[in-house]
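In what follows, a single structure is set out as C-alpha cells and then discussed.
No value in this document is a laboratory result; all are computed from the given coordinates. If you're wondering where the values come from, they're calculated on a predicted model, not measured in any experiment. For neighbour counting, all protein chains shown are included, and Cβ atoms are generated from backbone atoms with ideal geometry for every residue, glycine included.
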Amino acid sequence: MQCLAGFIKPGFYLLALRALYGFTFLLLLWNDEIKATLVDLGLNPILRVNCVYSNKHLTIIFYIDNFVLVYPKKYEDYAD
C-alpha cells in the first residue's frame with residue numbers, strides 16, 4: 001500500500017483508524033491469500049464454481065470472510 005502524495009515522511013508510518021472495507025484491491029489480495037492457503041491444506045477448487053474447495057474429507061464454501069465446512073460426521077476430527 002502506498003501513501004497519498006503529501007503524506008510521505010521518512011521514518012513515519014500511517015495508522016489506519018478504520019477498517020479498510022470497500023477497497024477492491026484488498027478483497028483481491030484476501031481472496032488470493034485464502035485460495036493459496038486452501039490449496040496448501042490439500043483442498044482443490046471445484047471447476048466453474050467460485051469459492052468452493054474440497055477434498056475427499058470435506059468441502060469448504062467461503063465468501064469474503066465467511067466459511068461453511070461440509071463433512072460427514074466420521075471426518076469431524078479432520079475438519080477440526
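Quick look at the values:
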{"item": "R0 of 22 Å, Cβ-Cβ distance LEU29-LYS9: FRET efficiency to nearest 0.05", "result": "0.30"}
{"item": "Spatially proximal lysines relative to LYS74 (Cα-Cα < 27 Å; intrachain offsets below 8 disregarded)", "result": "LYS35, LYS56"}
